[in-house]
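The numbers here are math on the coordinates, done by the rules we state, and not lab data. Model, not experiment: these values are computed from the prediction. Neighbour counts are summed over all protein chains in view; Cβ atoms, including those assigned to glycine, are modelled from backbone coordinates with ideal geometry.
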Amino acid sequence: MISEKLQKAINEQITAEMWSANLYMSMCFYLKGEGFDGFAHWLKKQSEEELDHAYQLADYLMKRGGKAMVDKVDVVPTGWGSVLEVFEHVYQHECHVSELIDKLVDVASAEKDKATQDFLWGFVREQVEEEATAQGIVDRLRKMGDGALCYLDGQLGARQ
Ligand SMILES: [Fe+2]
Ligand SMILES: [Fe+2]
């Protein structure tokens, strides 16, 4: 059985993952509107991944006898100035999520809940990948410049 405190913290992370899903969907709509179907596709996949993170957290919580909740999700940004600006925001946001996950591990540790700590290491590792992937896209956008936007749009559009 999971503690009340940890249940509350995991439910807050579920809301944060859903907010991330909405943020990436908002970015998807923006870039689709700008004619970048490939970048938009990548962000749609990213959004789906965030919803899956929310589900994984809820599933774990319920396995431990807790109650998963869908709470109010705050409004997300809707406008960006360029493709680079979008992906810089993705990178910053993933760094922020990494901090949230770290804090969640701290709560699990304070509650002496080993199973939750073990479960959360998967999320800690996932954040390393999320940050590196976003940083990689930002690097390519910066180095290759606007002339390569169509090429990169095609590349990211191939995300499975
Ligand atoms: Fe996530
Ligand atoms: Fe993420």
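Can you tell me which of (1) within 12 Å of ligand 2 (Cβ to nearest atom); (2) surrounded by fewer than 16 Cβ atoms within 10 Å (Cβ to Cβ); (3) under 30 Å from Gly147 (Cα atoms) is the one Gly79 doesn't meet?
(1) is the only condition that Gly79 fails.
Condition check ((1) away from ligand 2 (no atom under 16 Å from the Cβ); (2) more than 29 Å from Asp118 (Cβ to Cβ); (3) not acidic (Asp, Glu)) across all residues:
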position	(1), (2), (3)
Glu4	yes, no, no
Gln13	no, no, yes
Ala40	yes, yes, yes
Lys45	no, no, yes
Leu61	yes, no, yes
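Condition test on Ala108, is it surrounded by 12 or more Cβ atoms within 10 Å (Cβ to Cβ), out of contact with any Phe, Trp or Tyr (no Cβ under 8 Å at 6 or more places or on another chain), in contact (Cβ under 8 Å) with a residue 24 or more places away in the chain and not in a helix (DSSP H, G or I)?
no
Please pick out the residue among Gly81, Gly122, Gly136 that is of a type in the set (Gly, Ala, Ser) and not in a helix (DSSP H, G or I).
Gly81
Going through segment 115-137 one residue at a time, which ones are within 16 Å of the chain's Cα centre (by Cα) and of a type in the set (A, V, I, L, M)?
Leu120, Val124, Val128, Ala132, Ala134, Ile137
Identify, from the list Lys67, Lys63, the residue that is over 15 Å from Cys28 (Cα atoms), among the basic types (Lys, Arg), without any contact (Cβ under 8 Å) to a residue 40 or more places away in the chain and surrounded by fewer than 17 Cβ atoms within 10 Å (Cβ to Cβ).
Among Lys67, Lys63, only Lys63 is over 15 Å from Cys28 (Cα atoms), among the basic types (Lys, Arg), without any contact (Cβ under 8 Å) to a residue 40 or more places away in the chain and surrounded by fewer than 17 Cβ atoms within 10 Å (Cβ to Cβ).
So Ala148 passes all but one of these: (1) of a type outside the set (S, T, N, Q); (2) assigned to a helix (DSSP H, G or I); (3) closer than 22 Å to Tyr55 by Cα. Which condition number does it fail?
In the conditions (1) of a type outside the set (S, T, N, Q); (2) assigned to a helix (DSSP H, G or I); (3) closer than 22 Å to Tyr55 by Cα, Ala148 misses (3) alone.
Residue by residue through segment 1-39, note down the ones that are assigned to a loop (DSSP other than H, G, I, E, B), surrounded by fewer than 17 Cβ atoms within 10 Å (Cβ to Cβ) and not acidic (Asp, Glu).
Correct list: Met1, Gly35.
Cβ contacts < 6 Å: first residue under 12 Å from Phe87 (Cβ atoms), restricted to segment 24-52; second residue of a type in the set (Ser, Thr, Tyr), any location; separation 6+ or different chain. Result?
Note: pairs meeting the criteria are Tyr24/Ser47; Leu43/Tyr24; Gln46/Tyr24.
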